[in-house]
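Working notes, beginning with the structure itself.
The values are calculated or read from the model by the stated rules, or taken from the named source; none is laboratory data. Here the structure is a predicted model, which means the values were calculated and not measured. Reconstructed Cβ throughout: ideal geometry from the backbone, glycine too, with neighbour counts over all protein chains shown. To get the accessible areas, we keep the full protein, side chains included, count just its heavy atoms, and leave off ligands, DNA and RNA. Shrake-Rupley method; radii C 1.70, N 1.55, O 1.52, S 1.80 Å.
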Amino acid sequence: DNDLSITVDGTGINLQNTIQNTDITFKVNDGGTPSTVMSIDGSESRVGIGTTSPSTKLDVSGTVNATAFTGPITGAVTTSGIEITQNGTIIFEGSTDDGFETTLTVANPTADRTITIPDVTGSVVTTGDSGTVTAAMMATPTSLQILSSTGSVLKTINGAGA
C-alpha cells in the first residue's frame, strides 16, 4: 500500500501523495535527531518552513533571507524597525493608481539624525510649500527678530497665534 507516488516526465520529478488531504513532510537527521524542516499541508495546499502547521500559502517560522521580493506587501507589518539601505526610497501611491506618486527619500547623512513626527494630526510643511501655513498652525504668537552684527534687535515682526 503506497501512500506516495514518484514519477518522472517532461515537467520533471513529480512527488504526490496518493491519499486525499494528507501532508508531505521533509525531515533531516540533525546530529542524530530527526527534525522536520518543511511540510506541505495536503488539505490546505500550504507550505510550512520551520512549522508543521502553516496558516498561509507560505508560512516561515524564523528569519527569511531573500535577494528580492516582487508584488505588493499588504497587510500589517509588525516590527520594531525597518532599515532601508543605500539609495532606498518609500513610494506612496495616492488615492488614484496613476503615474503620480510621493517619494520619501533622504539626503546623504553626515551624522546620525533623528526626525520625530509629532503626536498631532496635520500636514507636513516643506521648503517647496507656498501658502499652506495658516495662522491656525501657530499655537502661540510668533515673532521674528532681525539682529545687528553685535546681537542687538534692529526690527521685530510679530505674527498672530491661533
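For this structure, a couple of remarks:
- Residue 7, sole failed condition from (1) over 30 Å from residue 108 (Cβ atoms); (2) touching a strand residue (DSSP E or B) at 6+ places or on another chain (Cβ under 8 Å); (3) surrounded by fewer than 10 Cβ atoms within 10 Å (Cβ to Cβ): (3)
- The stretch 21-51 - residue that is among the charged types (D, E, K, R), more than 17 Å from residue 5 (Cα to Cα) and not in a loop (DSSP other than H, G, I, E, B) and, of those, farthest from the chain's Cα centre (by Cα): 30
- The condition (being under 30 Å from residue 56 (Cα atoms), at pLDDT below 90 and out of contact with any Leu (no Cβ under 6 Å at 6 or more places or on another chain)) is satisfied by just one residue among 134, 96, 79: 79.
- Among the candidates 92, 69, residue that is in a loop (DSSP other than H, G, I, E, B), of a type in the set (Phe, Trp, Tyr) and either under 30 Å from residue 27 (Cα atoms) or open to solvent by 100 Å² or more (accessible area, probe 1.4 Å) (or both): 69
- Close pairs (8 angstrom Cβ cut-off, 6 or more residues apart or separate chains): more than 19 Å from residue 83 (Cβ to Cβ) in the stretch 102-129, open to solvent by 100 Å² or more (accessible area, probe 1.4 Å) and not basic (Lys, Arg) anywhere: 102/91; 102/92
- Filter result for residue 61 (at pLDDT 90 or above, within 30 Å of residue 22 (Cα to Cα) and not aromatic (Phe, Trp, Tyr)): yes
- In the set (1) under 22 Å from residue 15 (Cα atoms); (2) touching a strand residue (DSSP E or B) at 6+ places or on another chain (Cβ under 8 Å); (3) loosely packed, with under 10 Cβ neighbours inside 10 Å, the condition left unmet by residue 48 is number (3).
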